[in-house]
1. Once Lys and Arg get +1 and Asp and Glu get -1 on their Cβ, which of 154, 81, 324 lies farthest toward the positive end of the dipole of the chain?
2. Residues with amide H under 5 Å of residue 290's amide H, sequence separation 5 or more or different chain, H placed in the peptide plane at 1.01 Å from N; which?
3. How much accessible surface does residue 61 have with a 1.4 Å probe, in Å² rounded to 10?
4. Expressed as a rounded percentage, what relative contact order does the chain have, with Cα pairs under 8 Å and six or more residues apart?
5. Through the Karplus equation 6.51 cos²θ - 1.76 cosθ + 1.60, θ set to phi - 60°, convert the phi angles of region 186-198 into ³J(HN,Hα) values in whole Hz; use x for Gly and Pro.
6. Determine Rg/Rh for the chain; Rg is computed over alpha-carbon atoms and Rh is the Kirkwood hydrodynamic estimate from the same atoms.
7. Which log10 I(q)/I(0) values, to two decimals, does region 66-203 give at q = 0.11 Å⁻¹ under the Debye formula with one point per Cα?
8. Just to be sure I follow the definition: excluding the sites themselves, where is the longest run in the chain that has none of the chymotrypsin sites (Phe, Trp or Tyr not before Pro) in a DSSP loop with at most 12 other Cβ atoms within 10 Å?
Amino acid sequence: MAEADFSLFTIHCSLLIGWFLDLLIGDPAWLPHPVVGFGKMIAFGEHHLNNGRYRKVKGALMAIIYIIGIFVAVWFLRTILSSHLSPLATHLFDTVVIFFCLAGTTLIREVRQVFLALDRSLDEGRKQVARIVGRDTSELSAQEVRTAALETLAENLSDGVIAPLFWFAILGVPGMLAYKMVNTLDSMIGYKTDRYRDFGCWAAHIDDIANYIPARLTALLMVLGDWCWVSGVSHHLSTITQHLHFVRQNGRNHASPNSGYPEAALAGILNCRFGGPHYYFGQLFDKPFIGTNERPLNTDDMKKAVQINRTAEVLMVVIVSCWLLAITGVS
């Protein structure tokens, strides 16, 4: 096997095995996760830097140094593995990183648990959904708990699956792990609260840039994922047109320039309403609504949303595989 062919083979193996491992086991609680380490790095920097003067500058420097540092460290480690061990060691490393960077299965499990907990009691549902959302959940109604879970499922399909795969296709494994640092920074300090407004604003802006294309791509893949499950050619075309029009109308109805697009895609597919005012860290954020049909959500909606997520994942893996074939053939 030629060197270029072997390289292409190992890249695809890393991608498919890493993705399959996420499908199979998700993120076991007993397994150390690099994002936990990222979180500790960010917490340490925030504790020591988010005070006094020049908070915006200090927050920007911390975010940039962390992101570039992770990219360079991973690139350097892969170079050492390839030079001093073997390409197979690099392949194994890539597989493990891809597995860690994908979070589709864990999120789906958490969302399912929210609906199961809510069937037992409202209080259990509130506690379960608090594990996956940043908003205050203590006063949420049953409908609001279900809505929060499905919004998170849509948003994190982009953050947890599509965006990491997108950056893997563009910048390889170093870019994929650097993206996870970007996303972790935003999830920890990218809030417009008194504490984080200045210090985390650069982290939030960088995350907005990194997710601009992936969020819109996620919405398209979700629409195509729904299209895969409907029957009849005319129904196919009308469904795609209707959902894309809904996304175009409602994608901007969100405080984030990106999160509204996958949420709008799922709201359109389910014919429901997302968004609205929420409390974060005790402060009320008056978010716009996505959609107008305030119908009750149920377990069937969750099952359909999971089906759409899984189909979008498969489509993205196919796209990335084809992209890798294309760029390898060109080179």
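1. Among 154, 81, 324, the one farthest towards the positive end of the dipole of the chain is 154.
2. Those qualifying (amide H under 5 Å, at least 5 residues apart or on another chain) are 274, 275, 276.
3. Answer for residue 61: close to 100 Å² accessible.
4. Values: 441 pairs, mean separation 63.2, N = 331.
Averaging sequence separation for qualifying contacts and normalising by length gives 19 percent for the chain.
5. 5, 5, 9, 10, x, 10, 8, 9, 4, 6, 10, 3, 7
6. Ratio of gyration radius to Kirkwood radius for the chain: 0.98.
7. Listed by q, the Debye log ratios stand at -0.53.
8. Values: sites that count: 30, 54, 229.
Answer - 55-228.
The values are calculated or read from the model by the stated rules, or taken from the named source; none is laboratory data. The shown structure was predicted, so the numbers you read here are calculated from the model rather than taken from an experiment. Backbone-built Cβ (ideal geometry, glycine too); neighbour counts: all protein chains shown. Side chains included, ligands, DNA and RNA excluded: accessible areas come from the protein's heavy atoms. Shrake-Rupley method; radii C 1.70, N 1.55, O 1.52, S 1.80 Å.
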